[in-house]
Amino acid sequence: PIERLRCQQRKYDEAAAAGNESVARDRDRHREIFTSFLKNAERFYVEVIRGVQQKYGSVGIILPGEDWKKTPHKGPKVLPRTMDPCCFTCYESLIFLGDVLRYAQTQLKPSSKWSFALSTACYRQAAYLCPQSGNPHNQLCVIFQYTREDLRAVYHNYRALFSEAPFPTIKDNFKLLFERVKRSRRSARGASTP
């Protein structure tokens, strides 16, 4: 459902940008539905992580809204092998939670108001729990492309490509990233030439 909601939101935004005023009411209603969906999804993944850690023990995750200074039992630690199923559940939930938080920024706010601190924290913690996976690094690469931090984007793309379990489409993503960086550099050089 999230891909369908994102696609519909883009269509409404494009129609509104083209000056179609008749879609404004529909767009506002869709935005309410999409916002509600994202908030419910965020609550769901937070509760999954919280529940798993309460039942099986903390794996060191600090959830959005928690203050790491006030939760000294959380944070980086060496994880025993018996925690593998717990870690994997929390890892996957962190990836999904990071995606939901990122979509809340990119789909529902103007780019001047985007903040990726919470989604970045989720992806970094996912990378900590499952360092062999390229998925969290791919997601971080996406964020750094949004913020135009090319060096960080390349770094995380590289990590996603050369991890033990590379992200499936990372080679294509790498090519697209380098093409975008090349175009950006060319246009910057062209603009600085008198």
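Tabulated values for the structure
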{"quantity": "With every protein chain in place, segment 130-194: carbon and sulfur % of accessible area (1.4 Å)", "calculated": "58"}
{"quantity": "Mean shadow area of segment 130-175, taken as a quarter of the surface of its Cα convex hull (nm²)", "calculated": "2.7"}
{"quantity": "Percentage relative contact order, segment 113-194, counting C-alpha pairs under 8 Å, at least six apart", "calculated": "24"}
{"quantity": "Most mobile of Ser112, Ser184, Ser58 in a GNM of the chain (Cα contacts under 10 Å)", "calculated": "Ser112"}
{"quantity": "³J(HN,Hα), Karplus 6.51/-1.76/1.60, whole Hz, each residue of segment 159-166, x for Gly, Pro", "calculated": "4, 5, 6, 9, 7, 4, 10, x"}
{"quantity": "Taking the chain and dividing mean pair separation by its residue count, relative contact order in percent (alpha carbons under 8 Å, at least six apart)", "calculated": "14"}
{"quantity": "Accessible surface, segment 1-64, averaged per residue in Å² (probe 1.4 Å)", "calculated": "64"}
{"quantity": "The chain: calculated mean residue ellipticity at 222 nm from DSSP helix runs of at least 4, using -39500 (n - 2.57)", "calculated": "-23000 deg cm²/dmol"}
{"quantity": "Over 30 Å between alpha carbons, listed pairs Lys39/Lys182; Lys39/Lys113; Lys55/Lys171; Lys55/Lys113; Lys109/Lys182", "calculated": "Lys39/Lys182; Lys55/Lys171; Lys55/Lys113"}
{"quantity": "Length-normalised contact order for segment 77-149 - Cα pairs under 8 Å, 6+ apart - percent", "calculated": "33"}
{"quantity": "Net lengthening on full extension, Thr169/Ser36 (0.36 nm per residue, minus Cα-Cα)", "calculated": "44.9 nm"}
{"quantity": "Stretch gain in nm, segment Asp84-Ser111, where the contour uses 0.36 nm per residue and the Cα spacing is subtracted", "calculated": "5.9 nm"}
{"quantity": "Accessible area in square angstrom per residue, segment 138-194, 1.4 angstrom probe", "calculated": "69"}
{"quantity": "Tilt relative to the chain, helix 170-192 - C-alpha long axis, 0 to 90 degrees, to 10", "calculated": "50"}
{"quantity": "On Cα atoms only, tilt of 2-17 relative to the major axis of the chain in degrees", "calculated": "30"}
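The values are calculated or read from the model by the stated rules, or taken from the named source; none is laboratory data. Quantities reported herein were computed from a predicted structural model and do not represent experimental measurements. Side chains included, ligands, DNA and RNA excluded: accessible areas come from the protein's heavy atoms. Shrake-Rupley method; radii C 1.70, N 1.55, O 1.52, S 1.80 Å.
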